[in-house]
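Everything on this sheet refers to the single structure shown next.
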Amino acid sequence: MRSEPFRGGDGTFAELGAMRFPPSSTALFHYLDQVGLKTTPFPNPLSPATPSTVIELGGERHFARHLDDLPAVFAEVAKAWREALDEGAAFSEIQDAVRARDVARIKALWDPLVPAFDETSFYGFIAQSTAFSKLSYKHREIFGQVGFGTGGWDTDFPNSMLEILRVVYTNADEDHQSVVGGVEQLPLRLWAQSPEKMAHWPAGTSLSSLHGGVPKPGAARIARGSGGGIAITDRWGNTTEYAAVVVTCQVWLLSARIDCEERLFSPAMWMAMERTHYMQASKTFVMVDRPFWKDLDPATGRDVMSMTLSDRLTRGTYLIDQGDDRPGVICLSYTWNDDAMKWLSLPVDERVRLMLHSLKQIYPGVDIRRHMIGEPITVSWEQDPNFMGAFKANLPGHYRYQRRLFSHFRAQNLPADQRGIFLAGDDISWTAGWTEGAITTALNAVSGVVRHLGGGSAAGNPGPFDAWDDLAPVALAD
């Protein structure tokens, strides 16, 4: 959650990390409501919040306001995708169970799919499906380039099909919302929040007040302390021992950036952490004087520029409208994996130059430069030493590793040397790249801490520990 303000932009910002959130993220929206944050529809391709969409493939441009405006091949691809899901992955049945909140039914349908698809890639599922095998390779190529919902899917093609199913079963790729004012406000408001009910602190206490208004320096070492707890040494050499610690950074950092004592985790857990696969991601934003893309081209009567999906370097271009009297924001390019690596070595000005060149081929009559104000903002998450990638995405065969990570919060069953440290984050969860997964694993970690300290769930409010025997993810034999 990193909302980067444009200098001199009167509150205008770029969402460098999480930027669009599905309504199915109910834990996230609980906290957004709790701290008084509002949302507004995010302008995804063909979304009702998007005035128009342009899809440009192979030099051919298609303008659309709705799916029906596109050539028939796009509808054929969308139909094949839905049929493939129903044919091979019980899509409609599981969605019905999700809507009914029938957890037992969801689990009964899901558990057999885990061994069936753990070693199947997303592309393998598509290519082997009856629905797509009846169509041409061109259809699969279009699906990869354009997809539906958030855009193209091909950068996910190498990933485990289980990762994709978790997204589509919950409609996590549809009806996205953005947070008004920037999603970074959520952690900042939680930091400053004083809960109404506190058992151990006086009224008015917040995380901020407990820390003197500023967070501690970054962690440099994690080790077993002399008192039996977990000793954290910060970057300036100060060491404090705690009864329990929750680790929320990407797990690669525990071997590559933080000196973490090996005995805190088993060799199997270290294996699971080291095998975690992170997706690269790159975004570049510019601020413009106004949402000029809503101007109408007198020759065509269409918007002069649209939300754009392309097979060019830019891949996805998003237009953020803050109102006619406010600056606009263009995400010139949002790319993943190989497409993101193309930008890695380039400075921001060179990135912008190449992106504008690509967009000029699609919109030859539009001078984006004339509207640009301020300095552009860019990020390549794999280049950030404290991230090394944007988010986890399991490869085929990674289910066992993910189950180890997800179930680690039940550490009371582990040897004494491995207790007291708990993992949380989207890379620990089953929903890679989604804030919801980070939040639910945080709740799991909190329940682990409570148990570690001798506590339990309140009567009538069972927690993850209490539900584990009934809801635990199916285990695959080693």
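The values are calculated or read from the model by the stated rules, or taken from the named source; none is laboratory data. Keep in mind that this is a model prediction, so the values were computed, not measured. When we count neighbours, we look across all protein chains shown, and the Cβ atoms used for this are built from the backbone with ideal geometry, even at glycine.
Quick notes on this one:
- The condition (being outside the structural domain of Ile421 (by TED's automatic domain parsing), buried (at least 17 other Cβ atoms within 10 Å of the Cβ) and among the aliphatic types (A, V, I, L, M)) is satisfied by just one residue among Met307, Met273, Met341: Met307.
- Cβ pairs under 6 Å, 6+ apart, first in the stretch 386-398 and within 16 Å of Met1 (Cβ to Cβ), second part of a loop (DSSP other than H, G, I, E, B) and of a type in the set (A, V, I, L, M, F, W, C): Phe391/Ala432
- Of everything in the stretch 457-473 that is touching a Lys or Arg at 6+ places or on another chain (Cβ under 8 Å) and closer than 14 Å to Asp111 by Cβ, the residue that is surrounded by the fewest Cβ atoms within 10 Å (Cβ to Cβ) is Leu471.
- Residues of the stretch 172-216 classified as of a type in the set (Phe, Trp, Tyr) and under 20 Å from Thr248 (Cβ atoms), total: 1
- Filter pass, Thr155 being part of a helix (DSSP H, G or I), under 19 Å from Ala18 (Cβ atoms), in contact with a strand residue (DSSP E or B) (Cβ under 9 Å, 6 or more places away or on another chain) and modelled with pLDDT under 95: yes
- Residue within the stretch 107-116 that is at pLDDT 95 or above, touching a helix residue (DSSP H, G or I) at 6+ places or on another chain (Cβ under 7 Å) and within 25 Å of Thr335 (Cα to Cα) present: no
- The set of residues in the stretch 92-108 that are surrounded by fewer than 19 Cβ atoms within 10 Å (Cβ to Cβ), not in a loop (DSSP other than H, G, I, E, B) and not hydroxyl-bearing (Ser, Thr, Tyr) comprises Glu93, Gln95, Asp96, Val98, Arg99, Val103, Ala104, Arg105, Lys107, Ala108.
- All conditions but one from (1) under 19 Å from Ala27 (Cβ atoms); (2) in contact with a strand residue (DSSP E or B) (Cβ under 6 Å, 6 or more places away or on another chain) apply to His371; the one that does not is (1).
- Search result, residues across the stretch 45-56 that are out of contact with any strand residue (DSSP E or B) (no Cβ under 6 Å at 6 or more places or on another chain) and either at pLDDT 95 or above or among the β-branched types (Val, Ile, Thr) (or both): none
- Qualifying residues in the stretch 229-249 (those that are assigned to a loop (DSSP other than H, G, I, E, B) and in contact (Cβ under 8 Å) with a residue 60 or more places away in the chain) - the one nearest to Asn444 (Cα to Cα): Thr248
- Scan the stretch 319-362 for residues that are over 20 Å from the mean Cα position of the chain (by Cα) and in a helix (DSSP H, G or I) and the total you get is 15.
- Flag if Asn171 is at positive phi and under 21 Å from the mean Cα position of the chain (by Cα): yes
- Scanning the stretch 65-90 for residues that are closer than 19 Å to Ser306 by Cβ and in a loop (DSSP other than H, G, I, E, B) gives Arg65, His66, Leu70, Pro71.
- The lone exception for Leu113 - which of (1) touching a strand residue (DSSP E or B) at 6+ places or on another chain (Cβ under 7 Å); (2) surrounded by 17 or more Cβ atoms within 10 Å (Cβ to Cβ); (3) touching a residue at least 40 places away in the same chain (Cβ under 8 Å) it fails: (1)
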